[in-house]
Every structure is written in C-alpha cells, then in structure tokens.
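Q: Sending over a structure as structure tokens; questions will come in a sec.
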Amino acid sequence: MTHVLAIANQKGGVGKTTTAVNLAASLAAAEQRTLLIDGDPQGNATSGIGLAKETLEATVYDLLIGDANATDARHRSVQFTHLDVIAATPDLAGAEVELISRHRRDQAMRDALAPIAREYDYVLIDCPPSLGLITINMLAAADALLIPVQCEYYALEGLSQLLNTVHLVQQNVNELLSIDGVLLTMFDGRLNLSRQVAADAREYFGPKVYSNVIPRNVRLAEAPSFGKPIILYDVTSAGALAYMAVAREMLDRHRSAVTAAERRASAGGRSAQAGRERGATADTRGREELSSGPERSAEF
Ligand SMILES: Nc1ncnc2c1ncn2[C@@H]1O[C@H](COP(=O)(O)OP(=O)(O)OP(=O)(O)O)[C@@H](O)[C@H]1O
Ligand SMILES: [Mg+2]
C-alpha cells in the first residue's frame, strides 16, 4: 500500500526539509520503496539528498507545467537502492504564476504523480513555507499530511491556518486528505519551553503526535552541506537515531492501521455471510490475521 505524505507547515524553518530528507532516507534504508519529491523552489531537499543542480534535467516545475512526466523526471536509486527523487530548482517558483490560468491548476501534481505513485511504499513531499498554489498542489496529491512542529515560541500559532487550508483542499480537490501526524522537532528536554510546546501539541493533537521527537542536534544541521542524509553522515548521532525511530514508529502505525482495517473488512464480510457459510473460512482467516500481528521487515 502506498502512503503519499506531504510534509507541510507554512511556518519557515521548522524542520520540514530535514524531516523529508531524513525520513525518506530512513524508510529507504528499511527497504521501503520510497520517492522523495522536492516541492519547494528553494531546492533544499534536492541538495540535501546530494543531487547537484547542474545534473538536473526535468524537475517538479516541468511536471506541474506538463513538460515532463514523472517517469522521466525521477532520479533512480539516489544514495540508497530504494530511494528515488524528483528534484526542484528555483524555477519552480514560476509555476505558482504559470499554473493560475491552467485547467485543473490545483491538481497538476496529483495528475503527474498518478502513473508512478503505486510503485512506492512511501512518497514524501517536501512543501514550501507558504500556503500558495504549490502547497495546494502537493496537498491535493497527498493521502495525508505530516506536520513538523518546532519546539519554539509560537510553534502552534498558524496551525489553525494550515488546518483551514487542509479543510479547503478536502472540500475542493482531495476529500481523502487526512492528518498523518505531528512531529516535534528541535526538541531540547532541558528547556521548559520545549517541554511546554510538546505538552501543548499533545493536548491539542492527542495521539496524532509521534511519540518519538527529533532533538536539536548539530549533526542534522551539518549533514546537508555534505549532500548527505544523517544516516550516511553520522549514523550514531542523536539526530540519526531519532529519525530512524520515527520511521519505525511510522511503519508500525501504518501497519497496525492496515491490520485494523483488514480486520474490520473481514468482520464485515463474516457478518454478511453469517448463516450461509457458517463462517468457517472467514473465521479461520480472521484468527490467522489476529495472531500474525503487524509484520516486521524493517531492521535498523
Ligand atoms: N533537529 C535539528 N537540530 C538542529 N538543527 C536543525 C534540526 N532540524 C533542522 N535544523 C536546521 O534548521 C534549519 C531549518 O530546517 P529545515 O530547512 O529543515 O526547515 P524547513 O521547515 O524546511 O525550512 P523552510 O521553511 O525554509 O523550508 C536548517 O538549517 C536545518 O539544518
Ligand atoms: Mg524546507
């Protein structure tokens, strides 16, 4: 099953790109087929994952404008066998204006991604720090939103605006868009402020907040200048361990959601068949599902 996650928060510098790059790398290292899409004209995810601007031919801009297709635009096996990347350059900013007059202007990314999305277990989209047409396109293409929240002053301010945008996208383009979760970033357990922001986020978003938090860690800030995700730059750093833990938590969450959905479907199927087939086959299948639990293929 494919999970298309937009990593978004219109607040700047909260750790969107750091999360997109390092979560994508961690998932790919766990042998999840992963596509990282740089949806930001700043191109930070592109350089952070080690793609040089000179080597880029087709980018997200070309996808949105319809000058390239996703199959041609993707870079295969970037740093990891299971990691593909679609890059961005500053010309992506132009798409914001160029798309305005186009038919299905808010669904260009969704249309472009459709032919290849199901080849992946995870598609992670790094969004720009705005709620403009590019972000709308990324949200329209996504199944769910992952919101990095920096453990700093005013962290939760502006989130209602983000949630309003999510609501608009749900109403107009993508009714299935959901909130995957909230990830606390740049956490410093020694600071009251960090602990307070974490507590507020957990109170507001409840279990949507990932249990694992990303600590403030200088190695995470250094890694992009070497064009490396943290697990290739310093795998023993606190930042690397945290992103691997978040990837593991995400896999566990998604697997148990799938198992629960299958169990519901199987229970529904059983009651529909009750009295006709005496439930023998479905019961056996249900017991097998309950006893097998979430499968684990990922080891970090
Ligand atoms: N956990 C962390 N510890 C230390 N530094 C971090 C951490 N996460 C991110 N940074 C640094 O903070 C800065 C902002 O992070 P990042 O670029 O990921 O945020 P962003 O939300 O993508 O920013 P923008 O809104 O500009 O796209 C970067 O210099 C990054 O290296
Ligand atoms: Mg960014």
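Since every read-out is calculated from the coordinates, none of them should be taken as a lab result. The shown structure was predicted, so the numbers you read here are calculated from the model rather than taken from an experiment. Positions of Cβ are generated from backbone atoms using ideal geometry, with glycine treated the same way; all protein chains shown enter the neighbour counts.
Q: One residue is enough: does the range 89-97 have a residue meeting the conditions under 30 Å from SER256 (Cβ atoms), touching a Pro at 6+ places or on another chain (Cβ under 8 Å) and buried (at least 19 other Cβ atoms within 10 Å of the Cβ)?
A: No, the range 89-97 contains no residue that is under 30 Å from SER256 (Cβ atoms), touching a Pro at 6+ places or on another chain (Cβ under 8 Å) and buried (at least 19 other Cβ atoms within 10 Å of the Cβ).
Q: Just give me the residues in the range 9-20 being part of a loop (DSSP other than H, G, I, E, B) and within 10 Å of ligand 2 (Cβ to nearest atom), in sequence order. Give the derivation first.
A: So in the range 9-20, the residues part of a loop (DSSP other than H, G, I, E, B) come out as 9-15.
Selection gives ASN9, GLY12, GLY13, VAL14, GLY15.
Q: A further question follows. More than 17 Å from the chain's Cα centre (by Cα), among the aliphatic types (A, V, I, L, M), closer than 13 Å to VAL14 by Cβ and not in a loop (DSSP other than H, G, I, E, B) - does that describe any residue in the range 186-207?
A: Yes - at least one qualifying residue is present in the range 186-207.
Q: Scan the range 27-53 for residues that are over 23 Å from ALA245 (Cα atoms) and aliphatic (A, V, I, L, M) and jot them down.
A: Correct list: LEU51, ALA52.
Q: Within the range 60-85, track down each residue that is touching a Leu at 6+ places or on another chain (Cβ under 7 Å) and hydroxyl-bearing (Ser, Thr, Tyr).
A: Once the filter is applied, which keeps residues that are touching a Leu at 6+ places or on another chain (Cβ under 7 Å) and hydroxyl-bearing (Ser, Thr, Tyr), the range 60-85 yields TYR61, SER77.
Q: Mind listing just one residue for me: the one in the range 30-50 that is farther than 18 Å from GLU119 by Cβ and buried (at least 24 other Cβ atoms within 10 Å of the Cβ) and, of those, farthest from ligand 2 (Cβ to nearest atom)?
A: Only one residue fits best here, namely ILE49.
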